[in-house]
Amino acid sequence: MSKKLNTIVDLTTSVRDQLGCTKAEARRAVEAVLNSINDLSEDKKLQLKGFGTFQMKTRAPRNMIAPANGREYHIPPTRNLTFRPSKIAGRIV
């Protein structure tokens, strides 16, 4: 796997080549993993040993002042997906 993966098509092709399955099966496998990551709730983590940990975090609501006009704006709470690479993956990257 010396080629860099840039798109979901590249990832799907790599999975297909490594598993020897059809393109449709590889696409379903990739989509299943990505959907699992995307569906994380606030209190759960997805830890992939040797790769890293995905976690959903909620950022608290806050107020900000726009520097251009001095007006105050309210920013609602947001959910952010975070990723923390494992020690092994951190050394590779």
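The values are calculated or read from the model by the stated rules, or taken from the named source; none is laboratory data. Computed from a predicted structure; not experimentally measured. Cβ: placed from backbone, ideal geometry, glycine included. Neighbour counts: every protein chain shown. Just the protein is used for accessible areas: all its heavy atoms, side chains included, with ligands, DNA and RNA removed. Shrake-Rupley method; radii C 1.70, N 1.55, O 1.52, S 1.80 Å.
If I filter region 13-40 down to residues being polar (S, T, N, Q) and within 26 Å of Lys87 (Cβ to Cβ), which single residue comes out as modelled with the lowest pLDDT? Talk me through it step by step, then tell me what you get.
Step one: list which residues in region 13-40 are polar (S, T, N, Q), which gives 13-14, 18, 22, 35-36, 38.
Applying the additional criterion that residues be within 26 Å of Lys87 (Cβ to Cβ) yields 14, 18, 36, 38.
Values: Ser14: 90, Gln18: 92, Ser36: 83, Asn38: 80.
Once the filter is applied, the top-ranked residue is Asn38.
Scan region 12-30 and give yes if some residue there is under 23 Å from Ile88 (Cβ atoms), among the basic types (Lys, Arg) and either open to solvent by less than 80 Å² (accessible area, probe 1.4 Å) or under 22 Å from the mean Cα position of the chain (by Cα) (or both), otherwise no.
For region 12-30, residues under 23 Å from Ile88 (Cβ atoms), among the basic types (Lys, Arg) and either open to solvent by less than 80 Å² (accessible area, probe 1.4 Å) or under 22 Å from the mean Cα position of the chain (by Cα) (or both): absent.
Among the residues of region 71-89, write down those that are within 22 Å of Thr53 (Cα to Cα) and assigned to a strand (DSSP E or B). Please lay out each step first, then the result.
Quick first cut of region 71-89, residues within 22 Å of Thr53 (Cα to Cα) only: 78-89.
Listed by number, the residues that qualify are Thr78, Arg79, Asn80, Leu81, Thr82, Phe83, Arg84, Pro85.
Quick one: is Phe54 surrounded by 14 or more Cβ atoms within 10 Å (Cβ to Cβ), within 16 Å of the chain's Cα centre (by Cα) and aromatic (Phe, Trp, Tyr)?
Numbers: surrounded by 14 or more Cβ atoms within 10 Å (Cβ to Cβ): yes; within 16 Å of the chain's Cα centre (by Cα): yes; aromatic (Phe, Trp, Tyr): yes.
It is true that Phe54 is surrounded by 14 or more Cβ atoms within 10 Å (Cβ to Cβ), within 16 Å of the chain's Cα centre (by Cα) and aromatic (Phe, Trp, Tyr).
Suppose the filter is open to solvent by 80 Å² or more (accessible area, probe 1.4 Å) and out of contact with any helix residue (DSSP H, G or I) (no Cβ under 7 Å at 6 or more places or on another chain); does Glu72 pass it?
Details: open to solvent by 80 Å² or more (accessible area, probe 1.4 Å): yes; out of contact with any helix residue (DSSP H, G or I) (no Cβ under 7 Å at 6 or more places or on another chain): yes.
When the stated conditions are applied, Glu72 passes them.
Asp10 versus (1) among the acidic types (Asp, Glu); (2) at pLDDT 85 or above; (3) assigned to a loop (DSSP other than H, G, I, E, B): which is the lone unmet condition?
(3)
Any residue in region 33-56 that's closer than 21 Å to Ile88 by Cα: show its pairings with residues that are open to solvent by less than 40 Å² (accessible area, probe 1.4 Å) and part of a helix (DSSP H, G or I) at Cβ separation under 6 Å, as long as the two are six or more apart or on different chains.
Leu46/Ile37; Phe51/Ala89; Gly52/Ala89; Phe54/Ile37
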